[in-house]
Amino acid sequence: MFLLPFTAISNLNYGIRTKKFLKMIRKTIQLLTLFVLTSTVGLNAQERRYTFKKGSYDGVGKWYMQREISHVMGYQGMSWLERDEREKEENTSTLLANMNISKTDDIADIGAGSGYHVFKMADMATAGTIYAVDIQDEMLAAMRDKKLAGKITNVALVKGSEKSINLEPNSVDKVLIVDVYHEMNFPYEMMASIKKAMRADAKLYLIEYRGEDPNVPIKELHKMTEAQAVTEMKALGLELEENTDNLPWQHCMVFVKGG
Ligand SMILES: C[S@@+](CC[C@H](N)C(=O)[O-])C[C@H]1O[C@@H](n2cnc3c(N)ncnc32)[C@H](O)[C@@H]1O
């Protein structure tokens, strides 16, 4: 007798709990669907940006704006970056003069390698900071040794990722990228990150071996034409201010933020 209403009430409770549970499941499924959909849209945008096919020996089999991306130069090539003939072959002094470095400049050297340009710039921007960004620990370690040996205080070592330079927004007056851009695995994302770190009137010095010149003794994928660089920078709203073009082998292209 007593049990009957009790069972009815407990069935009722059970029914309410089941309803709540089903509602929760429905909500979770909706959220999961939304998550999958948004990440697929993001993924598609990235997939459309890059194409993949069998690549050449020096390339990674990934294309961006009709250009095959090259392999990253390993830290094992450090001695080539530090070779004695480099000043004569590349005229680094002229490159640095092109940059009109002032004492207070904050400068980011992206893909700084063993720091060939970093420490020369640190001597010039004595009241500024040189951010030396690289993705390889061995390169950062080599720069750390130099920094300690020279008791240099205005160089900041920064571990970047394939998609970000890991610098604060609006933190630099100048950006130097020497012989690195063609090997960035995510050039679009990297340039977006670089642009964010550039102050409004900052200048970007993009240095690449001249792709138009067959006499420059460098592998094809490690060179770039001015036209290709301009197209790729334009995608990020960066405009070519001038190509100084006074270096023996490389373009010295100066880009600024577009209006
Ligand atoms: C050919 S070396 C040039 C080094 C230096 N700029 C110089 O001229 O001596 C290229 C460097 O770029 C670095 N690199 C490649 N992709 C990078 C990325 N997405 N972000 C930061 N560094 C990168 C590599 O680790 C390597 O140290």
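A few comments on the model shown:
- Pairs, first assigned by TED's automatic domain parsing to the domain that holds residue 79 and exposed (fewer than 15 other Cβ atoms within 10 Å of the Cβ) in region 133-154, second assigned to a helix (DSSP H, G or I) and aliphatic (A, V, I, L, M), C-beta under 9 Å, six or more apart: 138/78; 150/122; 153/122
- Residue ID - nearest to residue 92 (Cα to Cα), chosen from residues in region 168-181 that are outside any strand (DSSP E or B) and near the ligand (Cβ under 9 Å from one of its atoms): 179
- Selection status of residue 220, within 11 Å of the ligand (Cβ to nearest atom) and at pLDDT 95 or above: no
- Residues of region 94-107 that turn out to be free of Cβ contacts under 8 Å to residues at least 24 places away in the same chain and either at positive phi or surrounded by 20 or more Cβ atoms within 10 Å (Cβ to Cβ) (or both), as a count: 1
- Only one of 242, 189, 208, 220 that is crowded, with 21+ Cβ neighbours inside 10 Å and either in contact with an Asp or Glu (Cβ under 9 Å, 6 or more places away or on another chain) or more than 26 Å from residue 49 (Cβ to Cβ) (or both): 208
- Identity of the residue in region 192-210, hydrophobic (A, V, I, L, M, F, W, C) and near the ligand (Cβ under 10 Å from one of its atoms), that ends up farthest from the chain's Cα centre (by Cα): 207
- Scoring residue 130 on the criteria (1) closer than 24 Å to residue 236 by Cβ; (2) within 11 Å of the ligand (Cβ to nearest atom); (3) among the β-branched types (Val, Ile, Thr) leaves a single failure, condition (2).
- Restricting region 108-126 to residues that are small (Gly, Ala, Ser) and touching a helix residue (DSSP H, G or I) at 6+ places or on another chain (Cβ under 7 Å), the residue that is surrounded by the most Cβ atoms within 10 Å (Cβ to Cβ): 112
- Being within 18 Å of residue 113 (Cα to Cα), more than 10 Å from the ligand (Cβ to nearest atom), aliphatic (A, V, I, L, M) and free of Cβ contacts under 8 Å to residues at least 40 places away in the same chain is not true of residue 227.
- Sub-6 Å Cβ pairs linking a first residue in region 73-93 that is closer than 19 Å to residue 181 by Cβ to a second residue that is within 11 Å of the ligand (Cβ to nearest atom) and in a helix (DSSP H, G or I), at least 6 apart or interchain, are 75/138; 75/139, ordered by first then second residue.
- Enumeration of residues in region 90-107 that are within 12 Å of the ligand (Cβ to nearest atom) and either out of contact with any helix residue (DSSP H, G or I) (no Cβ under 7 Å at 6 or more places or on another chain) or over 21 Å from residue 155 (Cα atoms) (or both): 90, 95
- Of all the residues in region 126-150, those that are in contact with a Ser or Thr (Cβ under 8 Å, 6 or more places away or on another chain) and under 18 Å from residue 170 (Cα atoms) number 3.
- Selected residue (criterion: nearest to the ligand (Cβ to nearest atom)) from residues of region 154-167 that are of a type in the set (Val, Ile, Thr) and over 20 Å from residue 102 (Cβ atoms): 165
The values are calculated or read from the model by the stated rules, or taken from the named source; none is laboratory data. Being a predicted model, the structure only gives us computed values, none of them experimental. Positions of Cβ are generated from backbone atoms using ideal geometry, with glycine treated the same way; all protein chains shown enter the neighbour counts.
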